[in-house]
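So the structure is just underneath, and the comments pick up after that.
Laboratory data are not the source of any read-out in this text; all were calculated from the coordinates shown. This is a predicted model, so every value here is computed, not measured. Note: ideal-geometry Cβ built from the backbone for every residue, glycine included; neighbour counts use all protein chains shown.
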Ligand SMILES: C[S@@+](CC[C@H](N)C(=O)[O-])C[C@H]1O[C@@H](n2cnc3c(N)ncnc32)[C@H](O)[C@@H]1O
C-alpha cells in the first residue's frame, strides 16, 4: 500500500489530531496502529482476544504493554486519553458482546477522553445507529463522524469513523 502511494497510517494520523498522551489500541491485532503511535512518542498499550495476535505484537515491540483479553470483560487500572478501535474490531466482536466491549473501552478512558472507532457498514454488521446507542449507554457523546481515516465528512456511506467523548458536553477541537 505504501509503495502505491496509499497512506498506511491513516488511523494513527487521525488519532494524533486529538493530541493524546496515552492510547489503548483495543482489538490491536498484531499491533499495527499501536506500534506506529509509540513510534510517534505516545504511551500505548494493546489488547486483543487472539493470543497469537498478541504474541505477534509482543514479538514486534516487546517494550510495549500487550494484554490478552476479551474486550467484553476487559478492565484495567490504567486510564487512557484515547481508545482506538481500528480495522473493523466492533463487527468482529461477537454480536451479543458489542455493547459490553464499548462500555469496557469507555471505562478505560480518562474523563473527557475519546473513543475512536472505524468500521465498515455492511448488511449484517452493526449499523451506525446501533454503535451510537452502545456509546450513549456507556456515557459517550458523539463528537465527530468521518467517512475515512483521512477525516472526510460522513454522508451515509459504507464506512464510518466515529469519535466519541466520555462525559463531554460540547463538540471539541480537532487539529488540522
Ligand atoms: C480486523 S482485526 C484489526 C486489527 C488491528 N486493530 C488493525 O487495525 O490492524 C480485528 C481484531 O479484533 C480482535 N477482536 C475481535 N473480537 C474481540 C474481542 N471480543 N476482544 C478483543 N479483541 C477482539 C481480533 O482478534 C482481531 O485482532
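DSSP assigns beta bridges within the chain; of those with both partners inside it, close to 45 percent run antiparallel. Here, P(r) means the percent of Cα pairs in each 5 Å bin from 0 to the largest distance; for the stretch 10-166 it is 2, 10, 21, 24, 23, 14, 5, 1, 0.
Approximating the spin labels as points 7 Å out from Cα along Cα→Cβ, the residue 59-to-residue 121 distance works out to 3.8 nm. Tell me, what is the FRET efficiency for residue 107 and residue 142 to the nearest 0.05, using R0 = 25 angstrom and their Cβ-Cβ distance as r? It comes to 0.85. How big, in percent, is the set of alpha carbon pairs in the stretch 106-166 lying more than 15 Å apart? Every Cα pair in the stretch 106-166 considered, those over 15 Å come to 47 percent. Reducing the stretch 37-85 and the stretch 99-132 to their Cα centroids gives an inter-centroid distance of 17 Å.
Taking the Cα-to-Cβ direction at residue 94 and at residue 8 and moving 7 Å from each Cα, how far apart do the two end points lie in nm? Using points 7 Å along Cα→Cβ, the separation is 3.4 nm.
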